[in-house]
1. Leaving out same-chain residues fewer than 8 places away, which lysines sit with a Cα under 20 Å from that of residue 11?
2. Just to confirm a number: summing +1 for Lys and Arg and -1 for Asp and Glu over residues other than residue 79 whose beta-carbon lies under 12 angstrom from that of residue 79, what do you get?
3. Please report, as a whole percent, how much of the solvent-accessible surface of region 1-120 comes from carbon and sulfur atoms (probe radius 1.4 Å).
4. Of 54, 125, 88, 107, which has the most accessible area with a 1.4 Å probe, and how do the rest follow in descending order?
5. Given the -39500 (n - 2.57) contribution per DSSP H run of 4+ residues, what per-residue ellipticity at 222 nm results for the chain, rounded to the nearest 500 deg cm²/dmol?
6. Please calculate how many Å² of accessible area the chain carries per residue, with a 1.4 Å probe and no DNA, RNA or ligand atoms counted.
7. Using alpha-carbon positions, what is the distance between the centroids of region 13-55 and region 80-105, in Å?
8. So between residue 116 and residue 88, what do we pick up on full extension, going 0.36 nm a residue minus the alpha carbon distance?
Amino acid sequence: MATTVEDLMTKNVLTVEPSDTIGEAAEKMHDANVGAVVVVEDMVRIVGIVTERDLLRAVAQRARAAEARVRQWMTADPLTVTPETSIDEAAQIMFDNNFRHLPVVKDGRPLGIVSLRVLSRWAFDRSK
């Protein structure tokens, strides 16, 4: 049975760079059918996260998708967890901070992402 976020995380982390446009980030998210992308510098170091909420905020403020950069709209220095973090602890972090996505990081590098949807599915399946 799953006990750590490593057991549940999505391992194929979708990434963008701070210099990418929000339109490019939105397109990647749409194509992959995900609600968040991790922002990395030098292809490895996590510096932020862009979520559906960030994109909604950009649209509401009339940002131009082809011009506005991810660095302007991302959530910088997001809270992260390690692969060894317990599922309960990750869920508590997400609930306490009203997050739907939580990057899983080791040595500053993104290894995965845990979503509220995955945690909900796990909790539902466990309750059966």
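The values are calculated or read from the model by the stated rules, or taken from the named source; none is laboratory data. Keep in mind it's a predicted model, so treat the numbers as computed, not measured. Cβ atoms come from the backbone with ideal geometry, glycine included; neighbour counts cover every protein chain shown. We work out accessible area using only protein heavy atoms, side chains counted, and drop any ligands, DNA or RNA first. Shrake-Rupley method; radii C 1.70, N 1.55, O 1.52, S 1.80 Å.
1. Hits, sequence-local ones excluded: 28, 106.
2. -3
3. Carbon plus sulfur share of accessible area: 49 percent.
4. Greatest to least solvent exposure: 107, 88, 125, 54.
5. Taking each H run of at least 4 residues, the total per residue is -11000 deg cm²/dmol.
6. With the other protein chains kept in place, the chain gives 61 Å² per residue.
7. Using only Cα atoms to place each centre, the spacing works out to 18 Å.
8. Stretched fully, the residue 116-residue 88 segment lengthens by 8.9 nm.
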